[in-house]
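The values are calculated or read from the model by the stated rules, or taken from the named source; none is laboratory data. Just so you know, these numbers come straight off a predicted model, no measurement behind them. Every residue, glycine among them, receives a Cβ derived from its backbone with ideal geometry; neighbour counts consider all protein chains shown. For the accessible areas, the whole protein counts, side chains as well, though only heavy atoms, and no ligand, DNA or RNA atoms are used. Shrake-Rupley method; radii C 1.70, N 1.55, O 1.52, S 1.80 Å.
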Amino acid sequence: MFDTGRELRSQGVEFDAAASEFLEMIGTFGELHPLLRGPAVLAMWRMAELSPPGQVVEPAVWSARHMAAGAEGLSFIPLGRHGRQVWTGFGSPEDRLAAHLIAVHEGAQEARTLILSIRAWCEQARAVTAGIKGDNAARVVAVLASRPLVSAMELEVQAAISRPTAERMLKRLTNLGLTREVTGHRRFRLWTIAGRE
């Protein structure tokens, strides 16, 4: 095995023992407020050393999902770009908790703004495509609104339309200024709604 210069996580029996201890510890967090569960889970993950130092995706997902436990309609609490300070932050527990709560607030505000912009785009897209016969346009709009990036192949499956129809609809919506292609390639292209960064 070659050296990549990165530490690897523990494996086998050692990992199973650390994971078991982690799960046992977070099982005791039931009385904590959901917003406090997130940083507690993050701290426990780090102490259990379930990921190499500097790897933040897995603990961030665990943290975000635990904060949403019991929240109807949410599978995680969005922190967005503000979460980076929390996932890699250090300092006193008070400072980390303050940074965490700021990230929750900012992430929620950002998520709300994004949802409202997607809702406005949907209304505009429905109005602009109202003259297109059939319900293909409405199905394509629904798929585009539900995903940040969409390929023609994914659109074919999710909207239950043929590949040529998916490609024609993407071209038509792009010509109408409703979508844009983001890769600039001839193959493996991806589209997003216009206005989404």
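A few comments on the model shown:
- Accessible surface of the chain, 1.4 Å probe, proportion on carbon and sulfur as whole %: 57
- When only the Cβ of Lys, Arg, Asp and Glu is charged (+1, +1, -1, -1), the dipole of the stretch 50-197 relative to its Cα centre reaches about 800 debye.
- Label point distance in nm, residue 109-residue 182, each placed 7 Å from Cα along Cα→Cβ: 2.4
- Nearest-0.05 FRET efficiency for residue 90 and residue 16, computed from C-beta distance (R0 30 Å): 0.60
- Contact order, relative form, for the chain: 12 percent (alpha carbon pairs under 8 Å, 6 or more residues apart, mean separation divided by residue count).
- What separates the Cα centres of the stretch 127-187 and the stretch 7-37 is a distance of 42 Å.
- Fully extended contour minus Cα-Cα distance, from residue 117 to residue 130, at 0.36 nm per residue: 2.7 nm
- On the basis of the beta-carbon distance and an R0 of 22 Å, residue 69 and residue 46 show a calculated FRET efficiency of 0.65.
- Translational D in µm²/s for the stretch 48-178 (Stokes-Einstein at 25 °C, 0.890 mPa s, Kirkwood Rh from C-alpha pairs): 140
- 0 to 90° range, to nearest 10: angle between helix 12-26 axis and the chain longest Cα axis: 90
- Solvent-accessible area per residue for the stretch 1-138 (1.4 angstrom probe, square angstrom): 68
- When the inverse distances between all different Cα atoms of the stretch 106-168 are averaged and flipped, the Kirkwood radius reads 12.6 angstrom.
- Label separation (residue 24 vs residue 57): 3.0 nm, computed from points 7 Å beyond Cα along the C-beta direction.
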